[in-house]
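Working notes for the structure below.
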Amino acid sequence: MLQFKTSTRKSLRAGALAVLLLVLIAGCSGSKNDPEPNEGAQPSAGQTANESSNTEEPAAGGTFVYGRPASVTSFDLHNQITSNNAFAIDKVFESLVAFDSDGEIVDWLAGSHTISEDGLTYTFVLRDGLKFSDGTDVAAEDAVFSLERHLKVGGPLAVSAQVDTIKAQDNKTLVITLKEPYTPFISELSNFSNGIIPNNFGGVAEEEFFKKPVGTGPFVVEQWDPAGDLTFTKNTNYWQEGKPSIDKLVYKLIEDDSQAINQLKAGEVNAIESLALQNADELKNGADTAVVTNGSWVTEQLFFNTLDEHFSDVHVRRALALAIDREGLTKALTFGYAQPASSLLPATIPYNANDTIKALNFDAAAAKEELSKSAFPDGFSTKLLVASGNSTRAQEAQIIQAAGQAIGIKIEIESVELATFRERFFAYDFAAMLNSGQADSPEANSIIAFQTDPEGFSKSYWTHYTNDEVTRLLVEGQKTADGADRAAIYSKLLQTLADEVPYIPLYYPDILIGARSSVEGLVVLPNGSVRFEDVRIGK
């Protein structure tokens, strides 16, 4: 298990609820969580566009097959961070509070909650009749065990608040007291890693429990190949009456985006998670396909390892930031399905400061001048690490390569398969890489802490970026109540990041899911996960 050493800066360690996306979840603009109109299949009079030409209401039941680019390797909610696992864990385990498709925090397993005026006491009252998937009742002691286990394990998404006590006041009431205010706490409790599991793992060994997990979620693990597919069956004890509508949910491993498109068009899968942007219009206009969208908490970025001899130089990083035409890159690669980024935070996250940030926008002359101030005025050679199988990222790398070449930086593109890519950057074995950062809750600290904490799990998202003033502002932002003062803190912090560019924010993609036009009720969340409780499959 991952542990963190004791420190007075514990509140920083992996406090961000930024789920690391190892493959780009790209998006398109459109009405949120509604399939965009299928221009290839015109609806008849009286039908809405997303009904296509079907006149029959989709029936409940059946098996929904969802294509995904990476397999599920673990259900240990306290030791996981990557989206391939997170978006399976959240189908089995649920938290006291959650967020809806608009990013608003809502009561979930808790029917209600209150926060004391001093911000130190959080009281949650569980819903009536809650049961785990094995039929046993859910009690406040289960929540105590779950959160205390998370505190003990730590893990990549550790509980960052300075927790004093977690107690079951009675069978349904949980009370959490903090040692000091921590404003992001209620939002972070909505994260998948704060799901509720049975007290003492339901009486089985920990390892055995996570091979056949028991939770409160809409689905139960039926068959699981950590190197392949995963089959869920519906949880007949689910607390939302009548849900889920489908009988089974299959996560099918499809590692190549073009294969995913082909299987969707052929009807071999009902929807796909990873959709190449250049195929968006094709699916939108297809006779039997559609796209489902939502705004996202994702920022596509170029990351620098600041321990690298070249990218430890701030002038080199600034030079590349000035050399890259972010607006042009976004238009060329996303087909209008994303917005150019000016700061680390997407516009959908509070305190993003996008209207006030002075970013290093494209200026070739300024880029050359900035490089002349560095230790490498005549340029140098370096490498850019990219995960293969994603055509958008491949083109992105080529555009960055050309931008570097224009100012004398020769960039070799290293395209490696996903597992190797993951191993490489986890080991800080890269000079620069393309990846995306994502919040897992609607909270500024969610991304900021993960990407600026030099002592956290990821060492500032594997960049080793360290700035004492940024660290001070990070802590101050965590303790400051929501309002103008907190906004000013994050504005100053984000401007520093824009000036020193340990990573270059490129664009903000909407979440985009490819689906068969016969699918209804698919709910896309802004963190990239999908709720399948209401899904029905038409003919």
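Taking only protein heavy atoms and a 1.4 Å probe, the accessible area of the chain is 48% carbon and sulfur. Accessible surface computed residue by residue for the chain, with neighbouring protein chains in place and a 1.4 Å probe, gives 37 Å² per residue.
When each of the peptides 380-391, 292-303 is scored by how many other beta carbons lie within 10 Å of its residues on average, the order from highest to lowest is 292-303, 380-391.
At q = 0.17, 0.28, 0.30 Å⁻¹ the log10 of I(q)/I(0) for region 423-463 amounts to -0.47, -1.02, -1.08, computed by Debye summation with a single uniform scatterer per C-alpha, solvent ignored. Toward the positive end of the charge dipole of the chain, with +1 on the Cβ of Lys and Arg and -1 on the Cβ of Asp and Glu, the farthest Cα among L384, S436, N262 is that of L384. Given +1 at the Cβ of Lys and Arg, -1 at the Cβ of Asp and Glu and no other charges, the dipole of region 183-301 around its Cα centre is 420 debye to the nearest 20.
If I compute P(r) over Cα pairs in 20 Å bins from 0, in percent from the structure I just sent, which labelled value in [x] 23, 55, 22, 1; [y] 23, 47, 25, 6, 0; [z] 20, 54, 26, 1 lines up? Among [x] 23, 55, 22, 1; [y] 23, 47, 25, 6, 0; [z] 20, 54, 26, 1, the one calculated here is [x].
Assuming charge only on the beta carbon of Lys and Arg (+1) and of Asp and Glu (-1), the dipole of the chain about its Cα centre is about 600 debye to the nearest 20.
Pairs over the 26 Å Cα-Cα cut-off, from the set K91/K459; K252/K383; K152/K211: K91/K459; K252/K383.
Fully extending the segment from A394 to K131 would add 90.1 nm, taking 0.36 nm per residue of separation and subtracting the current Cα-Cα distance. Put simply, the C-alpha atoms of region 421-539 give a gyration tensor, and the ellipsoid matching it has half-axes of 33, 20, 12 Å, longest first. Couplings 3J(HN,Hα) of region 419-431, computed from phi: 4, 5, 4, 4, 4, 5, 7, 4, 8, 6, 9, 6, 9 Hz, in residue order, whole Hz [Karplus 6.51 cos²θ - 1.76 cosθ + 1.60, θ = phi - 60°; x for Gly and Pro]. Averaging Cα coordinates gives a centre for region 188-209 and one for region 356-384; these two points are 48 Å apart. Taking the average, over residues, of other Cβ atoms within 10 Å as the packing measure, peptides 457-465, 414-422 rank 457-465, 414-422 from highest down. Potential lengthening of the chain between T123 and S415 amounts to 100.2 nm, from the contour at 0.36 nm per residue minus the alpha-carbon distance. Rounded to the nearest 500, the helix-only mean residue ellipticity at 222 nm of the chain stands at -7500 deg cm²/dmol, with each DSSP H run of n ≥ 4 adding -39,500 (n - 2.57). Under the shape rule built on the C-alpha gyration tensor, where the axes satisfy a ≥ b ≥ c, region 385-452 is prolate, since a/c reaches at least 1.5 and a/b is greater than b/c.
Summing Cβ point charges (Lys, Arg +1; Asp, Glu -1) relative to the Cα centre of region 438-489 gives a dipole of roughly 60 debye. Among the trypsin sites (Lys or Arg not before Pro) in region 322-367, those located in a DSSP loop and surrounded by at most 13 other Cβ atoms within 10 Å of their own Cβ are K358. Need one word for region 113-233: rounded, prolate or oblate. Basis is the Cα gyration tensor (sqrt eigenvalues a ≥ b ≥ c); a/c below 1.5 gives rounded, then a/b vs b/c decides. Prolate, since a/c reaches 1.5 and a/b exceeds b/c.
The values are calculated or read from the model by the stated rules, or taken from the named source; none is laboratory data. Computed from a predicted model, the values in this text were never measured in an experiment. A quick note on method: Cβ atoms are made from the backbone with ideal geometry, for glycine too, and the neighbour counts reach across all protein chains shown. SASA here: full protein model, heavy atoms, side chains in, ligands and nucleic acids out. Shrake-Rupley method; radii C 1.70, N 1.55, O 1.52, S 1.80 Å.
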